[in-house]
Amino acid sequence: MLNKTIKYFRTSHKMTQETLALKLGVTRQTVSKWEKGISVPDADTLNKIADIFDVSVSQLLGETVET
């Protein structure tokens, strides 16, 4: 679920894997592995991803938000 959520937010922000990787200080291959579900970001990186996309970590982990 996290892999699809990261990809969803990245693409909805019209961001490439490379751009996200640069913002996080990781390689593009790392972002690719997250999106394929091969690995997951650590807690600090999850917080950074949430900040970049202006969402909560809970949303990244799949919690639905009522508007």
* **Long-range neighbours under 7 Å by Cβ, at least six apart or interchain, first residue without any contact (Cβ under 8 Å) to a residue 24 or more places away in the chain and closer than 17 Å to N47 by Cα within segment 11-27, second of a type outside the set (V, I, T) and open to solvent by 70 Å² or more (accessible area, probe 1.4 Å)** => A21/R28
* Kindly list, by first and then second residue, each pair from a residue in segment 38-63 that is in contact (Cβ under 8 Å) with a residue 12 or more places away in the chain and among the aliphatic types (A, V, I, L, M) to a residue that is assigned to a helix (DSSP H, G or I) and open to solvent by 80 Å² or more (accessible area, probe 1.4 Å), limited to pairs with Cβ atoms under 8 Å and residues at least 6 apart or on different chains. => I52/K23
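The values are calculated or read from the model by the stated rules, or taken from the named source; none is laboratory data. Note that this is a predicted model, so its numbers are computed, not measured. Positions of Cβ are backbone-derived with ideal geometry, glycine not excepted, and every protein chain shown enters the neighbour counts. Calculation scope for accessible area: heavy atoms of the full protein, side chains included, ligands and nucleic acids excluded. Shrake-Rupley method; radii C 1.70, N 1.55, O 1.52, S 1.80 Å.
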